[in-house]
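Engineer: Quick one: structure below, then a few questions.
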Amino acid sequence: MRLTIKHFLCYCLIVAITSPLLALLVNRQIRVHYLTVLQKNLKAEAEAIKDRLLPSLRSEDSREIDSIVDALGKRMEIRITVIGIGGWVLGDSRADPEKMENHADRPEIIQALQSGAGKSIRFSATMGEDMLYVAIPVEEDGRCSWVIRTSLSLREVNILLRSLNSRILYITIIITIFALVLALFSSRSLTRPISRMIKVTQDIARGNFGSRLHLEGGDELAQLSIALNRMAQDLGRLFSEIEMEREKVHTILTSIREGLVVLDSDKKILLANENFNELCGLTENPVGKYFWEALRNVEFNRLIEAVIDKEEPRTREIEVAGKIFIANSAPLPDGGVVVVIHDVTRIKQVEKIKADFVANVSHELRTPLTAIKGFVETLEREIPSKQRRFLAIIKRHTDRLINIVADLLLLARLERHREMLEIEEVDLAQLVSDISVMYNERIKRKGLELKISIPRDLVVKADPFLLQQLLINLLDNALKYTEEGEITIVASPADGGVIIKVADTGIGIPEEHLPRIFERFYTVDKARSRKLGGTGLGLSIVKHIVQLHRGKIEVESSLAEGTTFIITLP
Ligand code: ADP
């Protein structure tokens, strides 16, 4: 129901209740007032009659009394009754006293005798209608001897009141109509501004922030309209700011070459730039879909799950639709995730071409080098010992070349065959003991000591061949770069994995070289490394093997004191 109607009906209800009530109240009040005035008049008239009648009463001439009463009653237009002792009527202006019954029991008479004045409104048996009576006693020698009663028919009173009533009703109807018209205007004047306010708020909700409301006056509604206008203005400004920000973000997102996707905590896509869709080969706009729904890629989904679970950034190489991406993902404060993908397919292809080239070249070189070495050894036997010196040089360089080629081939194999790891449970103590056997002779020759401390049942899950290669490289380095003291190999279980430490008391590595020693062909002292038959590839191989096993390698070293390599395998 509309507010105007509601408001108007409310007014109607109030008017419908108050108008009759008011009319009734006025009517009663007038009647009471009118009767009081009439009573007073009747009493005054009775007093006047008393003085006029007193001589006739004293002479007890009833005929004279009756005729005086008749005359006075006619003149005053009222009924006058004179009652003697014992209640007998001595005279009446409207009836024959002889025929009237005893009046001693009439309430106004009893009251007059008792308290000096009496009144009552009741039905008159003599007149056959409702009458208003007033009675006063007349005293003779200090005692009540007669009672004079004046009375008036209520018929006239009622006629008068009825005409008054119709007038009251008339006025009430006029007031009621007036009140209702006023109510209608008041309701409309209250609801009209509200309707306008509703229209303006609907406009604002639809995005029309220019819509304004102008209400005159300084009442609450006018103040509300001012507040509404200000709100519309603020909202408009805020929206245009947001719109501008959105525009900016959109421009940034579309201009970056990376693919970007933002997910909420339920892994629903909130935002994805065009590059993301293009890079991942999505034909439909994925916004609003679950990520797994838009892109069915196990690795990608696992990455997102890991970031949500661990609430920390992750970077992973991911293959989607034949392309290789580096995916950088970070958690958002509200539990969601943002992922930026960078296409590295080209780089990977170049890397692969490079690795293939190195592997092919190494492979091709191996056979001629082995042949050269074989022929040099044959020649050694044939040539006189004086000229063998040159052959020895050729042989040493050939050995170095063979070593480099072997290391390059191993590196290429490690890079190309990540998935070909053959993981087994390796008895670490046994493995280290087997390796040490190969080096015992050299260690003894150098006057060094090899200390091994590995628990008997320590088992590590790894590729046995690669793990052996790793330990050989580290032990070989320790042996190469240590002149006196000892080499220690220690292993212990740690955090669900194994820690292996290979330490020596050798020459150490200067601090500035530490960050680079795992690079290919990087050597601290080229001449020394070459002299010792080093290739500069050993630690590079070690690092690759550790990474293939998802472990980590650290190095601690101080000059002239020694070096310790610490490997943690999961
Ligand atoms: P290389 O074949 O020359 O030993 P690596 O890759 O094995 O090549 O090692 C790189 C460089 O790190 C070495 O040239 C050497 O200077 C340094 N290095 C490696 N291990 C040790 C060690 N145990 N003590 C001192 N220096 C070392």
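The values are calculated or read from the model by the stated rules, or taken from the named source; none is laboratory data. Note that the structure is predicted; figures quoted are calculated from it, not measured. Counting neighbours? That spans all protein chains shown, and the Cβs are built from the backbone with ideal geometry, glycine included. Remember, those area values only see protein heavy atoms, side chains included, never the ligands or the DNA or RNA. Shrake-Rupley method; radii C 1.70, N 1.55, O 1.52, S 1.80 Å.
Engineer: Report, to the nearest whole %, how much of the accessible area of the chain belongs to carbon and sulfur atoms, 1.4 Å probe, protein only.
Structural biologist: On the way: 19240 of 34570 Å².
The value for the chain is 56 percent carbon and sulfur by accessible area.
Engineer: Next up: Counting only heavy atoms of the protein chains, get the accessible area per residue of segment 3-160 (1.4 Å probe) and round it to a whole Å² value.
Structural biologist: The answer is 57 Å² per residue.
Engineer: What's the FRET efficiency of Glu245 with Phe465 using the Cβ-Cβ distance as r and R₀ = 56 Å, to the nearest 0.05?
Structural biologist: Working from the Cβ atoms, E equals 0.45.
Engineer: Given a cut-off of 25 Å, name the pairs among Lys199/Lys289; Lys267/Lys348; Lys43/Lys74; Lys323/Lys461 whose C-alpha atoms lie farther apart than that in the structure shown.
Structural biologist: Lys199/Lys289; Lys267/Lys348; Lys323/Lys461
Engineer: Using a cut-off of 21 Å between alpha-carbon atoms, which lysines can reach Lys386, once sequence neighbours fewer than 8 places away in the same chain are excluded?
Structural biologist: Reachable lysines: Lys373, Lys395.
Engineer: Same structure again: Using a Förster distance of 22 angstrom, determine the FRET efficiency expected from the C-beta separation of Arg2 and Thr201, and round it to 0.05.
Structural biologist: 0.85
Engineer: Under 13 Å from a label point 7 Å along Cα→Cβ of Leu160: give me every residue in segment 118-136 with its amide N that close.
Structural biologist: So the set is 132.
Engineer: Now for a different question. Taking 0.36 nm per residue of sequence separation and subtracting the Cα-Cα distance, how much length would be gained by fully extending the chain between Leu184 and Ala71, in nm to one decimal?
Structural biologist: Extra length available between Leu184 and Ala71 comes to 34.5 nm.
Engineer: Give, in nm to one decimal, the length gained when the segment between Phe390 and Val298 is fully stretched (0.36 nm per residue of separation minus the Cα-Cα distance).
Structural biologist: Answer, rounded to one decimal: 27.1 nm.
Engineer: Would any residue of segment 108-147 have its amide N under 11 Å from a label point 7 Å out along Cα→Cβ of Glu101? List them or say none.
Structural biologist: Flagged as within label range: 125-126.
Engineer: Another question, then. Please work out how much length the chain gains when fully extended from Ile452 to Ile85, using 0.36 nm per residue of separation minus the C-alpha to C-alpha distance, in nm with one decimal.
Structural biologist: Computed gain between Ile452 and Ile85 is 116.7 nm.
Engineer: As an exercise, use a Förster radius of 22 Å and the Cβ-Cβ distance of Cys10 and Tyr170 to find the FRET efficiency, rounded to the nearest 0.05. Present the calculation step by step, with values, prior to reporting the outcome.
Structural biologist: On the way: r = 26 Å, r/R0 = 1.17.
Plugging the Cβ-Cβ distance into 1/(1 + (r/R0)^6) gives 0.30.
Engineer: Ok, one more. Measure off 7 Å from each Cα along the Cα-to-Cβ vector at Glu274 and Ile472, then give the distance between these two points in nanometres to one decimal.
Structural biologist: Going by the 7 Å Cα→Cβ label model, 5.6 nm.
Engineer: Same structure, new question: For the chain, what's the relative contact order in percent, using C-alpha pairs closer than 8 Å and at least 6 residues apart?
Structural biologist: Relative contact order here is 7 percent.
Engineer: A further question follows. Measuring from label point to label point, each 7 Å out along Cα→Cβ, what is the Glu351 to Phe123 span in nm?
Structural biologist: Between Glu351 and Phe123, the simple spin-label model gives 12.3 nm.
Engineer: Provide the per residue accessible area, probe 1.4 Å, for segment 348-416, rounded to a whole number of square angstrom.
Structural biologist: Result: 69 Å² of accessible area for each residue.
Engineer: Using only the alpha-carbon atoms, how far is helix 62-76 inclined from the longest principal axis of the chain? Give it as 0 to 90 degrees, nearest 10.
Structural biologist: Rounded to the nearest ten degrees, it is 50.
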